[in-house]
Amino acid sequence: MAALQRLLSQARRHSPISCYCSSSSPWLLLHRSLCSSPPNDPNSNPPQCVPVQPVSYPIKPPGSNTQGWSREDARFVKDFNPLYPNRVAPLPEDAAGGGESEEMEAERRKIEADNRVMRRVFRVGVEEQPVPFPKLVKAEERKSNNSKGQKVVHDLKEAVQLVKANAKRNFDETLEAHVKLAVDLRRTDLKLTGSLSLPHGSGKALRVAVFAEGTAADKARAAGADLVGGEDLIEGIKNGSINIKDIDKCIAMPQLMPRIGKEISKKLNRLTPNARDGSVTTDISRAVKEAKKNITFKKDKSAIVHVGLGKVSFTEEALCENMGAFVNALLLAKPAGLKKSSKYAGYVTTFHICSTMGPSFPVSIQSLSIAADRYTKLQMR
């Protein structure tokens with residue numbers, strides 16, 4: 001009956017009729033709350049309004065609480081005080097005695113016995129738990145990359161400094177340049193070969209043989225030629241007493257070229273003096289000095305040029321000047337069959353420098369162009 005009265009009080013609160021007489025019976029109140037007739041129906045008894053008296057509770061004075069705790073303080077004490085244990089379902093190991101109960105232990109033994117019987121009857125092997133394969137955690141790599149994951153392109157002088165800083169071997173490493181050319185240069189009909197004289201030399205001791213006689217031979221020896229001779233040098237190469245592998249460059253006077261081409265040109269092969277590259281000349285002294293600094297380059301099958309441009313022990317200014325001379329020679333060796341939209345576009349893709357056993361660093365094309373222009377201006381003076 002108490003539940004019914006509570007339901008009727010809720011229905012009366014939400015009914016369109018504001019209030020009813022407290023003396024009305026519960027069935028009458030239910031009928032009036034569910035009736036569709038308006039409250040002002042003359043056939044129905046007019047409701048009597050009972051004023052609702054507000055209920056207020058006096059505020060407790062501050063001294064009434066003996067401990068002086070607020071509601072937040074009491075809540076904090078209840079949550080963190082060890083005297084108020086947390087309501088958590090107990091685990092088997094938390095039971096009395098610190099272990100499983102006797103009933104649970106008996107049930108576990110029964111289940112294991114049944115499993116052993118089933119395995120013996122049906123010859124079922126014990127299922128092995130798969131062991132997860134250990135994952136190797138890769139160490140964080142130190143990358144000189146930007147936020148987009150691309151390599152940072154350095155200025156020429158900055159790249160040379162990085163190469164010198166990372167050359168930590170116990171010998172004088174060579175500064176190498178690796179130029180990746182355009183895809184069109186993979187064609188076999190587009191040849192790319194060239195030679196140049198580095199302003200500060202390559203740092204490699206080149207052996208130069210000079211075919212000269214008289215005063216020209218004396219000038220060649222004064223310029224630093226390794227092998228100097230005329231008829232005797234030709235006879236030594238012809239009979240094999242002089243090893244061709246010990247010679248890096250050959251220079252000859254025009255008077256001796258007929259005999260060289262007739263007798264030892266096949267043995268010299270690529271070392272045969274040629275007027276087009278300046279190895280057949282009357283100025284023997286200048287040719288020998290340039291040959292000591294001269295290097296050659298050509299592209300490989302994948303259209304990449306590899307060349308050494310000096311030793312890491314050289315100064316930064318010397319290495320930059322050698323780099324400018326190489327870039328200038330690379331532009332001069334550009335094949336005629338290649339589209340010449342500009343100096344570098346469609347020709348040079350990337351340019352990297354490194355030491356013999358050190359990491360490589362990309363160089364910006366703008367800084368290389370500035371170095372090549374500076375070398376050209378120095379040559380024009």
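The values are calculated or read from the model by the stated rules, or taken from the named source; none is laboratory data. Please read these numbers as outputs of a predicted model, since none were measured by experiment. In this analysis, Cβ positions are derived from the backbone assuming ideal geometry, glycine residues included, and neighbour counts consider all displayed protein chains.
Tabulated data for the structure shown
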quantity: VAL363 β-branched (Val, Ile, Thr) and closer than 16 Å to LEU192 by Cα; calculated: no
quantity: Evaluation of GLY278 against (1) outside any loop (DSSP other than H, G, I, E, B); (2) farther than 30 Å from SER360 by Cβ; (3) in contact with a strand residue (DSSP E or B) (Cβ under 9 Å, 6 or more places away or on another chain) (one fails), failing number; calculated: (1)
quantity: Any hit, segment 242-260, residues being of a type in the set (Gly, Ala, Ser) and either under 30 Å from ALA318 (Cβ atoms) or surrounded by fewer than 17 Cβ atoms within 10 Å (Cβ to Cβ) (or both); calculated: no
quantity: Test: residue in segment 284-292 that is in a strand (DSSP E or B) and either touching a Ser or Thr at 6+ places or on another chain (Cβ under 8 Å) or in the same structural domain as GLN255 (by TED's automatic domain parsing) (or both); calculated: no
quantity: Residue check for PHE314: of a type in the set (Phe, Trp, Tyr) and either under 26 Å from ARG270 (Cα atoms) or not in a loop (DSSP other than H, G, I, E, B) (or both); calculated: no
quantity: Among (1) surrounded by 16 or more Cβ atoms within 10 Å (Cβ to Cβ); (2) farther than 20 Å from ASN274 by Cα - the single one ASP226 does not satisfy; calculated: (2)
quantity: Selected residue (only one of GLU213, GLU176 is surrounded by 14 or more Cβ atoms within 10 Å (Cβ to Cβ), charged (D, E, K, R) and under 34 Å from the mean Cα position of the chain (by Cα)); calculated: GLU176
quantity: Extreme residue, farthest from the chain's Cα centre (by Cα), among residues of segment 225-270 that are over 13 Å from ARG207 (Cβ atoms) and outside any helix (DSSP H, G or I); calculated: GLY230
quantity: Residue in segment 152-175 that is of a type in the set (A, V, I, L, M, F, W, C) and within 30 Å of ILE284 (Cα to Cα) present; calculated: yes
quantity: Condition check for LYS204: basic (Lys, Arg) and assigned to a helix (DSSP H, G or I); calculated: no
quantity: Test result for VAL183, within 30 Å of ASP300 (Cα to Cα), exposed (fewer than 14 other Cβ atoms within 10 Å of the Cβ), in contact (Cβ under 8 Å) with a residue 24 or more places away in the chain and hydrophobic (A, V, I, L, M, F, W, C); calculated: yes
